[in-house]
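What follows is a single structure, written as structure tokens, with notes after it.
The values are calculated or read from the model by the stated rules, or taken from the named source; none is laboratory data. This is a predicted model, so every value here is computed, not measured. Backbone-built Cβ (ideal geometry, glycine too); neighbour counts: all protein chains shown. Just the protein is used for accessible areas: all its heavy atoms, side chains included, with ligands, DNA and RNA removed. Shrake-Rupley method; radii C 1.70, N 1.55, O 1.52, S 1.80 Å.
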Amino acid sequence: MIKITIAGRPNTGKSTLFNALTGTRDAIVHNRPGVTRDTNIGTFHNRPYQLRDTAGLENAKSGIAADSTNMAIGAIADADAILFVVDGRVGITASDIEWARLVRRKTKAPVLLLMNKTESVRKIADAHEFYKLGFGAPVMISAEHKTGLADIYEFLDKIAGYNENAPEPENNPTDSRLKIAVLGQPNVGKSTFVNRVLGEKKQIVMDAPGITRDTVKFPTHFYGRDIVIMDTAGLRRKAGVTDDVETISALKSLDAIDQADVVILIVDATKNIENQALGIASRVYDAGKILCVALNKWDLVEPELRDDKLLKLKHQFTNSFHQIIKPMILAISAETGTGVQNMFRRIYEQWDIASATIPTSLLNRIIEKLVSDKQPPMSRLKRPMKIKFARQTGRYPMRITINVGGASNIPESYTRYLRRGIANALHWEHLPITIDYKKSENPFDAK
């Protein structure tokens with residue numbers, strides 16, 4: 001798979017182009033310059049190419065802008081092809097010339113010059129002036145309106161030797177990689193954790209909240225499996241969010257829950273857990289996803305306080321959510337790597353369990369034993385509740401449908417009893433479980 005990097009100074013429309021070529025809205029688009037900070041990775045929606053959206057190139061010696069620019073330069077040096085984007089309305093700038101020189105120094109990869117924002121003929125700058133950049137004739141596009149993209153495909157297809165008329169390989173497998181989203185409040189160590197898993201600094205890490213803005217996806221191989229790990233923006237209480245970019249970032253973080261198979265909720269072990277973290281956990285459970293709570297910075301907790309803190313946290317989560325029997329809470333240090341591999345071993349185990357289909361006969365034997373040990377209560381009409389037959393009807397979350405006869409208003413307390421018994425018998429203690437009841441048809445009812 002060839003690697004293509006989108007580069008250029010801030011606010012030329014790089015993220016809009018990224019979304020147009022990937023067929024997604026993964027990159028945040030805003031008219032404010034400097035919104036993109038980390039390098040966002042995606043795949044063309046109709047080509048087997050990896051596309052990387054980079055931060056705008058800026059002259060900065062320190063801080064976020066310097067880190068963002070250094071990451072962008074790294075993506076340029078590593079690319080098989082460069083899409084260099086300039087603003088067709090503004091015309092050529094000194095920054096365009098400066099960064100074009102840098103691109104020529106850093107890579108021998110072919111470069112396609114894209115003159116963006118050319119949807120209005122009256123507002124287009126003189127195209128000939130962009131020849132000064134040394135990349136040949138500019139290709140006029142409008143990333144917002146998705147015009148001119150055919151020239152991009154033609155350029156890249158020649159490099160990759162791609163033939164769109166070639167027959168697709170048969171039995172093309174779907175993406176089976178485990179997708180893991182990393183969520184949490186600001187400044188709890190999410191990006192440090194992601195960098196630890198990737199084995200290199202791919203995400204900007206600073207001792208300040210709100211550094212990560214996009215939800216950035218990284219395909220990688222970790223601890224024996226191919227996964228996609230997603231770093232997300234920190235989630236704060238709504239009352240503390242006043243910036244529209246942060247609002248968009250937060251919505252993308254919550255969207256990552258739906259895209260993921262597993263969610264790792266990072267919390268700061270040196271602080272008390274807040275209701276905001278419990279709220280994130282509730283969303284994960286409601287979505288039927290596997291949740292792992294990572295107590296980060298565990299190495300900074302005093303050894304004599306660790307047992308009490310862990311017990312208190314488990315008690316908090318257990319009492320807060322009825323959908324799960326035993327929360328998976330594990331202590332780690334993203335900074336040193338302590339506990340990270342063990343956490344992934346546990347996550348992989350739970351994913352394998354959640355992917356299984358339970359034999360119906362085994363499930364019914366378990367439920368028969370539970371009913372034998374504790375009979376369902378009588379209904380309000382003093383009629384017995386009869387549990388007849390059960391089967392697994394879903395995964396993610398694990399869903400059990402039970403056919404019942406007689407009165408079907410099974411109380412929640414008895415449902416919790418069944419859920420706990422089934423979970424313990426099948427080792428589903430860490431998984432969200434849903435039990436549905438279906439009233440059996442009475443063959444003697446009048447039609």
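Overview of values
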quantity: Residue list for segment 411-434, restricted to those being of a type in the set (A, V, I, L, M) and touching a Pro at 6+ places or on another chain (Cβ under 6 Å); calculated: none
quantity: Residues of segment 108-121 satisfying the condition of being among the hydrophobic types (A, V, I, L, M, F, W, C) and surrounded by 13 or more Cβ atoms within 10 Å (Cβ to Cβ); calculated: Ala109, Val111, Leu112, Leu113, Leu114, Met115
quantity: Residue in segment 266-317 that is farthest from Ile347 (Cα to Cα), counting only those that are β-branched (Val, Ile, Thr) and part of a helix (DSSP H, G or I); calculated: Ile280
quantity: Answer from Asp261, Asp268, Asp308 - the residue that is out of contact with any Asp or Glu (no Cβ under 9 Å at 6 or more places or on another chain) and open to solvent by less than 30 Å² (accessible area, probe 1.4 Å); calculated: Asp268
quantity: Residue that is modelled with the highest pLDDT, among those in segment 205-234 that are in a loop (DSSP other than H, G, I, E, B) and crowded, with 22+ Cβ neighbours inside 10 Å; calculated: Thr232
quantity: Segment 366-409: number of residues that are modelled with pLDDT under 80 and in a loop (DSSP other than H, G, I, E, B); calculated: 11
quantity: Every pair of residues 6+ apart whose Cβ atoms lie under 7 Å, when the first sits in segment 65-94 and is over 15 Å from Gln50 (Cα atoms) and free of Cβ contacts under 8 Å to residues at least 24 places away in the same chain while the second is open to solvent by 30 Å² or more (accessible area, probe 1.4 Å) and aliphatic (A, V, I, L, M); calculated: Ala66/Ala60; Thr69/Ala60
quantity: Tally of residues being over 26 Å from Ser355 (Cβ atoms) and hydroxyl-bearing (Ser, Thr, Tyr) across segment 288-320; calculated: 1
quantity: Breaking point among (1) at pLDDT 85 or above; (2) open to solvent by less than 10 Å² (accessible area, probe 1.4 Å); (3) not β-branched (Val, Ile, Thr), for Ser15; calculated: (2)
quantity: Residue among Asp78, Asp96 that is modelled with pLDDT of 90 or more and more than 22 Å from Ala150 (Cβ to Cβ); calculated: Asp96
quantity: Cβ-Cβ under 6 Å pairs, at least 6 apart or on other chains, segment 408-425 side open to solvent by 70 Å² or more (accessible area, probe 1.4 Å), far side not polar (S, T, N, Q); calculated: Arg420/Ile325
quantity: Failed item in (1) at negative phi; (2) surrounded by 12 or more Cβ atoms within 10 Å (Cβ to Cβ), with Ser361 passing the rest; calculated: (2)
quantity: Residue match in segment 122-144 (condition: part of a helix (DSSP H, G or I), surrounded by fewer than 20 Cβ atoms within 10 Å (Cβ to Cβ) and aromatic (Phe, Trp, Tyr)); calculated: yes
quantity: Residues of segment 133-149 that turn out to be at pLDDT 90 or above and either acidic (Asp, Glu) or closer than 16 Å to Trp99 by Cβ (or both), as a count; calculated: 4
